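The next block holds one structure in the form of structure tokens; read it before the comments.
The values are calculated or read from the model by the stated rules, or taken from the named source; none is laboratory data. Note that this is a predicted model, so its numbers are computed, not measured. Ideal geometry is used to build each Cβ from the backbone, glycine not excepted, and the neighbour counts take in all protein chains shown.
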């Protein structure tokens with residue numbers, strides 16, 4: 001069973017890595033310390049991928065949403081909301097499991113051995129709701145209402161929280177640009193502390209950013225129960241052995257709810273099921 | 001509503017609604033805001049602004 005699980009995991013990691021490379025393949029950006037400025041940046045990528053990453057070819061949907069909501073001219077982001085609705089309705093949190101570069105980073109960090117990995121803890125379930133609060137407060141309300149004299153709101157989630165922006169954009173750009181090194185201050189330090197905390201926690205807890213913080217995961221989770229790509233459990237085949245629940249690193253019980261909000265469709269339960277009771281819809 | 005959510009076509013209909021919203025956004029010119037933000041280094045995102 002373990003062998004089957006690992007085979008599937010590495011297959012998934014290969015897909016994640018390939019997608020991360022494809023969507024961040026402006027390699028000249030990493031050499032010159034610049035970002036891609038072509039027309040592909042009109043389009044959002046499905047995962048959390050900072051558009052200020054030197055290699056990024058597309059726009060981060062969470063950053064794009066804040067940019068449009070915070071723009072004095074619009075105040076509602078039909079384009080990005082429609083994009084998230086479209087992708088979410090087709091795939092749900094499959095995006096988190098397979099196509100998010102920051103998800104891959106956390107997956108790999110969690111492979112680092114640690115004496116006591118934490119699966120769940122007291123308050124875990126309540127803490128999972130934090131990502132919805134972050135989505136509403138930092139991604140929607142603050143860019144909408146906390147505005148400057150021109151009526152422009154800042155991307156507060158990106159500015160104050162997002163460790164993906166620090167990892168993918170902040171670190172490489174500051175390392176590659178002397179002028180930027182001179183401009184760093186307390187905010188840069190704060191964001192690096194958050195990144196460091198995320199890195200350390202990812203070694204101990206499986207995908208802590210996805211579980212508790214990510215507003216993109218919060219959006220996609222809403223579509224999990226209705227997405228075209230979803231799971232179902234064949235109740236006639238299921239023996240109730242509990243292997244699927246035990247193997248799930250997001251602490252989902254597929255027998256109870258195969259399309260739980262926290263399921264990232266990694267497929268570990270499907271592979272682990274000894275009677276193949278878990279299937280795609 | 002609950003019946004709609006359980007319907008196998010709920011995902012397809014919602015995806016179609018998403019495409020319509022995207023169309024409205026593109027018509028309103030939101031893409032240019034996304035583009036303008038994405039092609040310039042976002043100082044807030046990287047922790048400088």
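Things to note:
- Residues within region A:177-187 that are in contact with a helix residue (DSSP H, G or I) (Cβ under 9 Å, 6 or more places away or on another chain) and either in a loop (DSSP other than H, G, I, E, B) or under 21 Å from residue A:29 (Cα atoms) (or both), tallied: 4
- Residue match in region A:201-217 (condition: outside the structural domain of residue A:136 (by TED's automatic domain parsing), within 14 Å of the chain's Cα centre (by Cα) and farther than 22 Å from residue A:138 by Cβ): no
- Criterion: modelled with pLDDT of 95 or more and either away from chain B (no Cβ under 14 Å) or under 15 Å from residue A:212 (Cβ atoms) (or both) - qualifying residue of A:78, A:102, A:83, A:94: A:102
- Qualifying residue in region A:130-149 (condition: assigned by TED's automatic domain parsing to the domain that holds residue A:21, surrounded by 15 or more Cβ atoms within 10 Å (Cβ to Cβ), touching a helix residue (DSSP H, G or I) at 6+ places or on another chain (Cβ under 6 Å) and not in a helix (DSSP H, G or I)): no
- Annotation note: of A:132, A:220, A:212, A:206, the sole residue that is within 14 Å of chain B (Cβ to nearest Cβ), under 30 Å from residue A:281 (Cα atoms) and modelled with pLDDT of 95 or more is A:220.
- Residue satisfying condition, being in the same structural domain as residue A:124 (by TED's automatic domain parsing) and under 28 Å from residue A:116 (Cα atoms), within set A:196, A:176: A:196
- For region A:164-188, the tally of residues that are more than 8 Å from every other protein chain (Cβ to nearest Cβ) and farther than 21 Å from residue A:47 by Cα stands at 8.
- Region A:44-70, residues that are in contact with a strand residue (DSSP E or B) (Cβ under 8 Å, 6 or more places away or on another chain) and farther than 28 Å from residue A:281 by Cβ: A:51, A:58, A:59, A:60, A:64, A:66, A:69, A:70
- A search for C-beta distances below 9 Å between a residue of region B:20-34 that is more than 7 Å from every other protein chain (Cβ to nearest Cβ) and any residue that is buried (at least 22 other Cβ atoms within 10 Å of the Cβ) and not in a helix (DSSP H, G or I), counting only pairs 6+ apart in sequence or on different chains, returns nothing.
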